[in-house]
Structures are given as structure tokens and as C-alpha cells.
Amino acid sequence: TGKYFYQDLCNQWINYIDVSGPTAVRSAFATGLPGQALGLSVGLDGNLYYLSRSNGALYRVVYSPPATAPAISTQPANV
């Protein structure tokens, strides 16, 4: 949410712009993509998908959130 992903066919990378803050911030996301990557899209599952023209393949980029220990944010009521 609040991030716009875009890609460059010739340089084989995907970057994103984070517009959730007061100013937009551009960041690198993926480099050295296989084949000629084009057709970037977000699936209903929240993953990024792109087509590779020269490889004739569909690639999926899966988001893996950082591993953190579970924590209780609100204590349950005493029953």
C-alpha cells in the first residue's frame, strides 16, 4: 500500500516509489532480472508478476515480511 512499482526493460530492474509519506521516495527493488522483463502487474495475492519476452516465461516476486517474534499488543480480559 502506498508504493508504485515500475520496471526498466533495457536495464533489467524494478524500482518503486513510496508515496505514503509527505514526500515521495524512490528505491531499488530488484536488479538483474532474467530475460527481457515487461508487463509488470500486482496479483490478487499481493505478489508482483512480470513477463519475460526472451525467456517466454511468467515470473512471480513473492513478498516475505521480516521475521519477528509474536507479541501480545493488548492483554486479554480476565474471565
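The values are calculated or read from the model by the stated rules, or taken from the named source; none is laboratory data. Just so it is clear, the structure is predicted and the values come from calculations on it, not from any experiment. In this analysis, Cβ positions are derived from the backbone assuming ideal geometry, glycine residues included, and neighbour counts consider all displayed protein chains. Accessible surface is based on the protein model in full, side chains and every heavy atom, while ligands, DNA and RNA are left aside. Shrake-Rupley method; radii C 1.70, N 1.55, O 1.52, S 1.80 Å.
Just a few scattered comments:
- Scanning segment 18-46 for residues that are within 21 Å of Ser64 (Cβ to Cβ) and either of a type in the set (Asp, Glu) or not in a loop (DSSP other than H, G, I, E, B) (or both) turns up Asp18, Ser27, Ala28, Phe29, Ala30, Thr31, Ala37, Leu40, Ser41, Val42, Asp45.
- The requirement of being of a type in the set (S, T, N, Q), outside any loop (DSSP other than H, G, I, E, B) and in contact with a Phe, Trp or Tyr (Cβ under 6 Å, 6 or more places away or on another chain) is fulfilled nowhere in segment 3-10; no residue meets it.
- Residue in segment 10-18 that is exposed (fewer than 11 other Cβ atoms within 10 Å of the Cβ), modelled with pLDDT of 85 or more and within 15 Å of the chain's Cα centre (by Cα) present: no
- Residue list for segment 47-61, restricted to those being surrounded by 12 or more Cβ atoms within 10 Å (Cβ to Cβ), under 11 Å from the mean Cα position of the chain (by Cα) and in a strand (DSSP E or B): Leu48, Tyr49, Val61
Yes/no matrix, rows are residues, columns are (1) in contact with a Ser or Thr (Cβ under 8 Å, 6 or more places away or on another chain); (2) among the hydroxyl-bearing types (Ser, Thr, Tyr); (3) open to solvent by less than 50 Å² (accessible area, probe 1.4 Å):
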| site | (1), (2), (3) |
| --- | --- |
| Gly21 | no, no, yes |
| Gly32 | no, no, no |
| Asp45 | no, no, no |
| Tyr63 | no, yes, no |
| Ala67 | no, no, no |
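- Taking the criterion of being of a type in the set (Ser, Thr, Tyr) and either without any contact (Cβ under 8 Å) to a residue 12 or more places away in the chain or in contact with a Lys or Arg (Cβ under 8 Å, 6 or more places away or on another chain) (or both), the residues of segment 26-72 that qualify are Ser41, Tyr49, Ser64, Thr68.
- Test set (1) at pLDDT 90 or above; (2) small (Gly, Ala, Ser); (3) over 12 Å from the mean Cα position of the chain (by Cα) - Ala37 fails condition number: (1)
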